[in-house]
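Following: one structure in structure tokens, then a few remarks.
Derivation of every value follows stated rules applied to the coordinates shown; laboratory data play no part. Being a predicted model, the structure only gives us computed values, none of them experimental. Here the Cβ positions follow ideal geometry from the backbone for every residue, glycine too, while neighbour counts run over all protein chains shown.
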Amino acid sequence: MPENASPSSAAPAAPAPGMRAPLTPLDIVAFVCELFAIGSLALWGFVAFDLPWNIVVGIGAPALALVIWALFVSPRAVFAVHPFVRGIVELLVYASATIVWWSLGYAWIGLAFAVVAVATGVLVGRRRFS
């Protein structure tokens, strides 16, 4: 270590292989936003359509969102993409959940979710870049 560098100015060490960084409250809020978005898509599919389409859309919409999430956004994503692409995919899933609530006639729930999800996404994104 150079003489003029203090221990507090060093970059944080990466976790050991096979270990994860500890969960923060921001991680928990992000996970709750993800669950709320997936649940919103399922609710919309089952409520907004007539039989048999309600079953198809009620299962298909959240399944499609989960596949897209697993491919690009999850911590163990299949494709390693640039953080901006990851943010756009995350934003599209959150925007679809917001639109779902608006189409069901609950615009305030959609707006509240959009504010919380975007704020969480910005904070998580800033943490990824630091």
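Just a few scattered comments:
- Using only side-chain charges placed at the Cβ, +1 for Lys and Arg and -1 for Asp and Glu, the dipole size of the chain relative to its Cα centre rounds to 200 debye.
- Per-residue ellipticity at 222 nm computed for the chain from its helices equals -23500 deg cm²/dmol, with DSSP H segments shorter than 4 residues left out and the rest contributing -39,500 (n - 2.57).
- Sequence-distant contacts, meaning Cα pairs under 8 Å at least 6 residues apart, place the relative contact order of the chain at 24 percent.
- Selection from W101, W44, A16 lying farthest towards where the dipole of the chain points positive, charges on Cβ: A16
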